[in-house]
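Peer 1: Handing you a structure now.
The values are calculated or read from the model by the stated rules, or taken from the named source; none is laboratory data. It should be emphasised that the depicted structure is a prediction, and the values quoted were computed from it without experimental measurement. Here the Cβ positions follow ideal geometry from the backbone for every residue, glycine too, while neighbour counts run over all protein chains shown.
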Amino acid sequence: MSFSVVIVAAGGGTRAGPGLAKQWRVVAGKPVLRWSVEALLAAGAREAVIVVSDGGEPLAEEALSGLTGWRTVRGGATRALSVQAGLGAIDGPPDEPVLVHDAARPFVTAAHVAALLATLAGADGAIPALPVADTLKRDGPNGLTTTPREGLWRAQTPQAFRRDRLLAAYGAWSGGEPTDDAQVVEAHGGRVALAPGDPRLMKLTYPEDFDMAEQLAGGTRMTRMGQGFDAHRWCPGEAVWLCGVRIDHDQTLVGHSDADAGLHALTDALLGTIGEGDIGDHFPPTDPKWKGASSDLFLQHAASLVTARGGRIINVDVTLICERPKIKPHRQAMRERLAAILDLPLDRVSVKATTTEGMGFTGRGEGLAAQAVAVVEL
Ligand code: MG
């Protein structure tokens, strides 16, 4: 889909500290503005209009040297006037989608653009937004009060509109200085729809934001993989715990804890991603504290170690190896249980099962084995 871009780079940005305005400063070897322009052109923008303030043209030339498909236009005294100047400078069909973006949000991607354009198809505007997760406080004359956060969203940019729709809304706007473009369309009776926001669409405002951006951009994130294996012996019983699910069965697995081999293998896989030894190092079988323990605890602990290292789990995959009980009827419940323990979406959690065709200790029914792999991003 054809679309154009207006990038507002006219701000003075004094809150980010002394020196150059933030859009011209360098993050991970690149001027802040260049991150957005490169990404939006690579995402298919037909043209990019960069709105600059007085004297910004040579700075833009320097920041964007070697890139084509962009040009500058002089902005106004306010952000709203700058946006309108940018919109007015765009050629092409009047109803073509336009993305209005703040230069101070460097980490826009083609995926963000695709989501916005898809969302715009059924609305007058589309904005990336994140639900408010923190408790909101208002510091008033009578002290702090708590504001309900239900239904509250943090709007980010780029924001997508049909250009003629946005221009008409700005033409009718009389509400003072809007804090984003969607506000103007909303006031004009337009329906603005939410697209998924992204913490990486953060706005660089304060000096410490640049440190965070440097880390985000530095490419220091690393994908790690770990694998785990476990086996337990069968004995007569009433039920067996596998992947956090209790299954009625005429046998049970012998072990110090609940002997959930699926959870044990997965715990070892997670520990393996961060080189943290194995489950026995963290929960010694000699320690009476873990006698009969629910293995959920072991997996939660391994996940918390990954989180403590700044990591996040990408996906996990467990294979249970036994002749009996039949795993398939319980597989979905197992996935749901693992997803709940690890706080992962279901499609990143896999549980599989196989027999060994009567061969080996699992085939002879002496025991059950489990294998697992986990992938994390650190
Ligand atoms: Mg075990």
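Peer 1: Could you count how many residues in region 64-101 are within 16 Å of GLN183 (Cβ to Cβ) and among the basic types (Lys, Arg)?
Peer 2: 1
Peer 1: Would you mind stating whether THR145 is over 26 Å from the mean Cα position of the chain (by Cα) and either crowded, with 23+ Cβ neighbours inside 10 Å or among the hydroxyl-bearing types (Ser, Thr, Tyr) (or both)?
Peer 2: Values: over 26 Å from the mean Cα position of the chain (by Cα): yes; either crowded, with 23+ Cβ neighbours inside 10 Å or among the hydroxyl-bearing types (Ser, Thr, Tyr) (or both): yes.
For THR145, the condition - over 26 Å from the mean Cα position of the chain (by Cα) and either crowded, with 23+ Cβ neighbours inside 10 Å or among the hydroxyl-bearing types (Ser, Thr, Tyr) (or both) - is met.
Peer 1: Continuing with the same structure: So which residues in region 209-250 are within 19 Å of GLU366 (Cα to Cα) and either loosely packed, with under 12 Cβ neighbours inside 10 Å or without any contact (Cβ under 8 Å) to a residue 40 or more places away in the chain (or both)?
Peer 2: If we filter region 209-250 for residues that are within 19 Å of GLU366 (Cα to Cα), which is where we start, we get 229-242, 247-250.
CYS235, PRO236, GLY237, GLU238, ALA239, ASP248, ASP250 - these are the residues of region 209-250 that are within 19 Å of GLU366 (Cα to Cα) and either loosely packed, with under 12 Cβ neighbours inside 10 Å or without any contact (Cβ under 8 Å) to a residue 40 or more places away in the chain (or both).
Peer 1: May I pose another question? Taking strands (runs of 3 or more DSSP E) that fall entirely within region 3-100, which contain at least 1 residues that are under 28 Å from the mean Cα position of the chain (by Cα) and at pLDDT 95 or above?
Peer 2: Details: elements: 4-9, 48-52, 70-74.
Where strands (runs of 3 or more DSSP E) fall fully within region 3-100 and carry at least 1 residues being under 28 Å from the mean Cα position of the chain (by Cα) and at pLDDT 95 or above, they are 4-9, 48-52.
Peer 1: Among the residues of region 320-374, what is the count of those that are among the aliphatic types (A, V, I, L, M), free of Cβ contacts under 8 Å to residues at least 40 places away in the same chain and surrounded by 15 or more Cβ atoms within 10 Å (Cβ to Cβ)?
Peer 2: Number of matching residues: 4.
Peer 1: Look through region 271-299, keep the residues that are more than 14 Å from the ligand (Cβ to nearest atom), buried (at least 16 other Cβ atoms within 10 Å of the Cβ) and not β-branched (Val, Ile, Thr), and return whichever of them is farthest from the chain's Cα centre (by Cα).
Peer 2: GLU276
Peer 1: Still on this structure, I have one more. Got at least one residue in region 23-33 being of a type outside the set (S, T, N, Q), farther than 23 Å from TYR170 by Cα and touching a His at 6+ places or on another chain (Cβ under 9 Å)? Talk me through it step by step, then tell me what you get.
Peer 2: So in region 23-33, the residues of a type outside the set (S, T, N, Q) come out as 24-33.
Imposing the further condition that a residue be farther than 23 Å from TYR170 by Cα reduces the set to 24-33.
Now narrow it down to the ones that are touching a His at 6+ places or on another chain (Cβ under 9 Å): none.
Among the residues of region 23-33, not one is of a type outside the set (S, T, N, Q), farther than 23 Å from TYR170 by Cα and touching a His at 6+ places or on another chain (Cβ under 9 Å), which makes the answer no.
Peer 1: Take region 243-269 and flag every residue that is out of contact with any Leu (no Cβ under 7 Å at 6 or more places or on another chain), within 14 Å of the ligand (Cβ to nearest atom) and not hydroxyl-bearing (Ser, Thr, Tyr).
Peer 2: VAL254, GLY255, HIS256, ASP258, HIS264, ALA265, ASP268, ALA269
Matching residues to (1) closer than 28 Å to ALA195 by Cα; (2) without any contact (Cβ under 8 Å) to a residue 24 or more places away in the chain; (3) loosely packed, with under 13 Cβ neighbours inside 10 Å:
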{"position": "VAL6", "(1), (2), (3)": "yes, no, no"}
{"position": "ALA21", "(1), (2), (3)": "no, yes, no"}
{"position": "ASP54", "(1), (2), (3)": "no, yes, yes"}
{"position": "HIS101", "(1), (2), (3)": "yes, no, no"}
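Results for (1) free of Cβ contacts under 8 Å to residues at least 60 places away in the same chain; (2) closer than 22 Å to ASP164 by Cβ, shown as yes or no for each residue.
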| site | (1), (2) |
| --- | --- |
| GLU38 | yes, no |
| ILE50 | yes, yes |
| ALA60 | yes, no |
| GLY66 | yes, no |
| SER82 | no, yes |
| PRO94 | no, yes |
| VAL98 | no, yes |
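Peer 1: Out of all the residues in region 300-308, is one or more surrounded by 18 or more Cβ atoms within 10 Å (Cβ to Cβ) and either more than 30 Å from GLY365 (Cβ to Cβ) or away from the ligand (no atom under 16 Å from the Cβ) (or both)?
Peer 2: Residues of region 300-308 surrounded by 18 or more Cβ atoms within 10 Å (Cβ to Cβ): 302-303, 306.
Going one step further and asking which of them are either more than 30 Å from GLY365 (Cβ to Cβ) or away from the ligand (no atom under 16 Å from the Cβ) (or both), we end up with 303, 306.
Yes - at least one qualifying residue is present in region 300-308.
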